[in-house]
Ligand code: SAM
């Protein structure tokens, strides 16, 4: 099965299931203009995040890894009127572009982009007693084990945690890999295996973003 057929099927699903959306197109176009890497989630994946958050009825969402705000817009749209999304980004340029995209999407009143190393900014939520119903982990995979610990510390009971890029073209099963991003995800998986406070599964994804996958978890 070729990558080409994955892309064709992804396009087919997008055409059938995701109405044309000039706001999201604008975000991707702006990202291109500012040379932001095209490592955002795909439209079908963005809609998966939106649906999971909506099905959960999430009021408070945390995203670790904003990039240009493409997934942030999807998540923000799942929120009820009194809901809030906090999204963490280390690169000030990414954060600035994301703020513009989020404003263009009319979501600024519900989204706060927080600039800094996520491990430095995550303690803010503990200090302010802010907890979450839905957490999307999508930043530097090297820190995934720490992000999982923070996600558990900041989750409400029943919270959903989604983590992206857990397959990476199958490298996840390479026990001798030198790629520290893959090692980060492997350590994250080891933590999940031994962590009694969370139940999880993984789905492999193919499509416009290649062969990868998500871990989807629920905090008990
Ligand atoms: N969630 C985004 C989307 O789908 O549109 C994609 C996020 S991209 C894969 C990862 C982002 O995490 C990049 O913008 C990168 O600058 C940011 N990042 C990397 N290391 C980080 C860190 N230590 N703290 C916060 N953000 C970080």
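A short reminder: the numbers here are calculations on the coordinates, not readings from a lab. Not measured: the values here are computed from a predicted model. Here the Cβ positions follow ideal geometry from the backbone for every residue, glycine too, while neighbour counts run over all protein chains shown.
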(Q) What are the pairs with Cβ atoms under 6 angstrom where one residue, in region 56-70, is closer than 22 Å to residue 28 by Cα and the other, located anywhere, is within 6 Å of the ligand (Cβ to nearest atom) and outside any loop (DSSP other than H, G, I, E, B)? Sequence gap at least six, or different chains. (A) 64/88; 64/118; 66/89; 67/94
Q: Give the residue, chosen from 207, 184, that is in a loop (DSSP other than H, G, I, E, B) and buried (at least 17 other Cβ atoms within 10 Å of the Cβ).
A: 207
Q: Pick out the one residue from 14, 39 that is within 16 Å of the ligand (Cβ to nearest atom) and outside any helix (DSSP H, G or I).
A: 39
**Q.** Boolean, residue 174 is over 24 Å from residue 121 (Cα atoms), free of Cβ contacts under 8 Å to residues at least 40 places away in the same chain and within 16 Å of the ligand (Cβ to nearest atom)
**A.** no
**Q.** Among the candidates 5, 102, 73, residue that is over 19 Å from residue 216 (Cβ atoms), free of Cβ contacts under 8 Å to residues at least 40 places away in the same chain, within 16 Å of the ligand (Cβ to nearest atom) and assigned to a helix (DSSP H, G or I)
**A.** 102
**Q.** Unique residue being more than 29 Å from residue 79 (Cβ to Cβ) and either touching a residue at least 12 places away in the same chain (Cβ under 8 Å) or within 15 Å of the ligand (Cβ to nearest atom) (or both) when the list is 160, 182, 167
**A.** 182
Q | Criterion violated by residue 96 - all others in (1) within 14 Å of the ligand (Cβ to nearest atom); (2) within 15 Å of the chain's Cα centre (by Cα); (3) part of a helix (DSSP H, G or I) satisfied | A | (2)
Q. Is there a residue in region 46-64 that is crowded, with 22+ Cβ neighbours inside 10 Å, within 8 Å of the ligand (Cβ to nearest atom) and under 24 Å from residue 200 (Cα atoms)?
A. yes
**Q.** Of all residues making up region 121-139, the number that are surrounded by fewer than 20 Cβ atoms within 10 Å (Cβ to Cβ) and within 8 Å of the ligand (Cβ to nearest atom)
**A.** 1
